[in-house]
Structures are given as structure tokens and as C-alpha cells.
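Please treat every number below as a calculation from the coordinates, not as lab data. Only a predicted model underlies this, so the values are computations on that prediction, with no experimental measurement involved.
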Amino acid sequence: HLSIRRQRQMCIRDRPETHHFKRERATEASDAARPVDMENINNTNYLTNLRNQHIPQYCGSCWAHAATSAISDRIKIARNAQWPDINISPQVVISCSTNDSGCHGGEALSAFEFMHNNNITDETCSIY
């Protein structure tokens, strides 16, 4: 499993070649808001799996799911969508972040801070 330090290093040093991500100057205001479909860039999916926080039971952990999904997607982008996907475990954040209230709510910012300051596993070690 990759440590958070190694994952951050990958995001900084091992960025994929981004020649297919062309930046173009917006010619009209409507062009500036054009969405990017990260699920299909040159037939490559740069998104990790979608989650439902309410299965198997209701849990107000959207804050942890949002933060871990964002980091997991960034890792996938940094790895140029190489298999296997690395899905950071929201359960570790839900269970261990002392600045939040687990299934009773929390803040994505404190989840990012928790992941930055602590070791966190991927979902193969701590499933949601």
C-alpha cells in the first residue's frame, strides 16, 4: 500500500503527460463554463468508484466521502489511470478524525487535514 507521503510525491513528481489536456482560451462567456467529463478523456476514465453513504444504513458522512473521493481521484489522475484504483478509506476518517462527529456530520476540510497529518489506508484495509 502507498503511504500518504508517497501518494503526495506521486502527485508532485510523477504527473502523467498531459498533452491531451489542451488549455484553450475561452472566446465567449459560455465557453468558460464548459464542463469537463473526467469519466471519458480520450477513452480513459480518471474517476474512482461512486459511493452511496446510506448503504447499508443511514450515515451523515458525506464530508468524509467527499474528501476521500477527491483524493482518490487525484491519485488516479497522477497515476494516469493505471490499474488498480487506489480508493482512500472513508471509514478511517469517519472512525478516527477527532475534529468531526462521524456519522453525525463533519467538515471536508478537517478530513483533508486529518489525512494530511495521519497515516490513512486504502479501502482494501478498512472497508466502508
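Remarks
- What the phi angles of region 78-93 give under the Karplus curve with 6.51, -1.76 and 1.60, with θ = phi - 60°, is a coupling list of 4, 8, 6, 6, 5, 7, x, 5, 10, 10, 5, 6, x, 4, 4, 5 Hz, glycine and proline written as x.
- Distant-in-sequence amide contacts of ILE41, defined by a placed amide H-H separation under 5 Å and a gap of 5 or more residues or a different chain, comprise TYR46.
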